[in-house]
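Structure record follows, encoded as structure tokens.
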Amino acid sequence: MTDMLDCFQQLPFISTKTNGRQEYAAHRNMAAKYAAELFENSFAIVKVPEFVQSRFKRLAENFSRIDRQVRENFCFIKKTDGFMPHGTTFARDLQKTDLCQTFNYWHCYRGTHSQYAFSRDPFYTTVASCEVEVHDLCQAILAEVADHYNYEHPLDIRDDSYVQFNMYPETMKKADRKYLQDIHEDGHLITYVKPNAPGLLIYARGMEQLINMEPDEAIVMTGSLLTELTDGDVPPLYHAVLDLNLPAARASLIYNVNALYTAMPSVKGRTIQMRAIANQHHAEFWQYPYHSV
């Protein structure tokens, strides 16, 4: 584990704190700005509505109360959905399991979910309500990406994207592990991440940088599917989660954004087998192909 003070002193530090009061704009009106930052930096710091902030806090507070039997019952591992068993999520390294507990929610599987009592649990309904808000933001950002390239093919993401809630309890930490999640890129178009504490490291311009976000902020990062779509114009952002030995458990609300068309054009007209490429990346995390039966 890493001492937090030493880490803050040693690493380049990006703070998003601003001076004075700034006018808050609806996130959809900010999508063009966020997209421009993705083009320039491979990440953008985005505003989080109070609605999502309060519900995220509620998720972090209530995750541990969910019964083990409920978790085992609401597990759809072939679909990367529900509560994922420990030892089934990796950053492309089987020897370094993610040191977190994971719950995934797919909007497209809510019909199946409705057959289970857990779909009426406050935790589940809170995740589902956050998905609506975060989806709208990410869809708006990708619409701006498409406009930038005069790209006309649809980029519908709702049925191919999913919320991921990670909780990093003290009991899962290991003294010989520097990272809670090792260095990786996500293999999606973009990824939205709202953490409740520091620890996110990004690797940009050849530097390791510790990102600090305000309570009303999240980060959107580029993935290798966007690199495919833009013919290499937008590189993926590699990142990791550092163990800062914080006094409270770290949590993060994530939205993994995909558009899994069997075949689609790149921005320059090259045919991309997007579903096959996405499944290849997914397999590198030791997951089943998307939408497996």
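The values are calculated or read from the model by the stated rules, or taken from the named source; none is laboratory data. Fair warning: this is a prediction, and the values are worked out from it, not measured in the lab. Don't worry about glycine lacking a Cβ; one is built from the backbone with ideal geometry, like all the others, and counts go over all protein chains shown. Only protein heavy atoms, including side chains, enter the accessible area calculation; ligands, DNA and RNA are left aside. Shrake-Rupley method; radii C 1.70, N 1.55, O 1.52, S 1.80 Å.
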Worksheet item: Which condition number in (1) crowded, with 17+ Cβ neighbours inside 10 Å; (2) within 26 Å of Val132 (Cα to Cα) is the one that Thr262 fails?
Response: (1)
Worksheet item: Here are Ala175, Ala218, Ala251: which of them is of a type in the set (A, V, I, L, M) and not in a strand (DSSP E or B)?
Response: Ala175
Worksheet item: What is the residue count in the range 233-269 for residues that are of a type in the set (S, T, N, Q), under 20 Å from Gln139 (Cβ atoms) and touching a residue at least 60 places away in the same chain (Cβ under 8 Å)?
Response: 2
Worksheet item: What are the residues in the range 218-232 that are open to solvent by 10 Å² or more (accessible area, probe 1.4 Å), out of contact with any Gly (no Cβ under 7 Å at 6 or more places or on another chain) and touching a residue at least 40 places away in the same chain (Cβ under 8 Å), if any?
Response: Glu228
Worksheet item: Among the numbered criteria (1) open to solvent by 30 Å² or more (accessible area, probe 1.4 Å); (2) modelled with pLDDT of 65 or more; (3) of a type outside the set (A, V, I, L, M, F, W, C); (4) more than 19 Å from Ala240 (Cβ to Cβ), which single criterion is violated by Thr80?
Response: (1)
Worksheet, complete the sentence: Taking the range 37-78 and keeping only residues that are polar (S, T, N, Q) and touching a residue at least 24 places away in the same chain (Cβ under 8 Å), one is left with Asn41, Ser42, Gln53, Asn62, Ser64, Asn73
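Regarding the range 143-150, can at least one residue be identified that is part of a loop (DSSP other than H, G, I, E, B) and open to solvent by 20 Å² or more (accessible area, probe 1.4 Å)?
The first filter runs over the range 143-150 and keeps only residues part of a loop (DSSP other than H, G, I, E, B), leaving 149-150.
From what's left, open to solvent by 20 Å² or more (accessible area, probe 1.4 Å): 149-150.
Yes, that holds for at least one residue.
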Response to the item:
Filtering the range 187-217 down to residues that are touching a strand residue (DSSP E or B) at 6+ places or on another chain (Cβ under 7 Å), crowded, with 18+ Cβ neighbours inside 10 Å and more than 17 Å from Ile45 (Cβ to Cβ) yields His188, Leu189
